[in-house]
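For reference, the structure is listed below as structure tokens.
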Amino acid sequence: MNKTTVLIIAAIVGLTGAAATPAANAAPASKIDRSNVDCSNGALMETSLERSERRLEVDVDIMSDPRVRWTVRIYQGDRRVHTVMRTTNRDGEFDFYRYLKDGTAPVQVKARSASGETCRAVLRP
């Protein structure tokens, strides 16, 4: 091997090692807050908030009657940041998650079924 080939291989190995280092040092997600809410007509909403890689993850689970249409709105502070529409499955459940910008403002999750049942949770970062 000549000197140029050795330098190229060393550079590639160095770049590969540098690129892999942040993933190895990444902090695991940490659960910040969670809430279980009994809704207005018998449904249950479970929410959790995690901080991961400089952003927040909101996880929402709703359990109600089967085949019920829900609209879920997520607010960060006073600003609505996501609107999600889902229908519960045969078991009467659905879940989803959304990422938010990292911050200190409270996160509100408001859900309303097609029949008018409501759920509300406030999570604090």
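Only the coordinates and a few stated rules stand behind these numbers; no lab work does. Given the structure is predicted, the values throughout are model-derived calculations rather than measurements. Ideal geometry is used to build each Cβ from the backbone, glycine not excepted, and the neighbour counts take in all protein chains shown.
Numbers for the structure displayed
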| read-out | value |
| --- | --- |
| Label-point gap, in nm, between Asp65 and Thr87 - each point 7 angstrom along Cα→Cβ | 1.5 |
| Positive-end residue, the range 30-123 charge dipole about Cα centroid, Cβ charges, pick of Ile32, Leu56, Tyr75 | Tyr75 |
| Inter-label distance, nm, simple model (7 Å from Cα along the C-beta direction), Ser52/Tyr97 | 0.3 |
| Val58, Val37 arranged by Cβ crowding within 10 Å, fewest neighbours leading | Val37, Val58 |
| Sequence of Met45, Met85, Met63 once ranked by neighbouring C-beta atoms within 10 Å, starting from the fewest | Met85, Met63, Met45 |
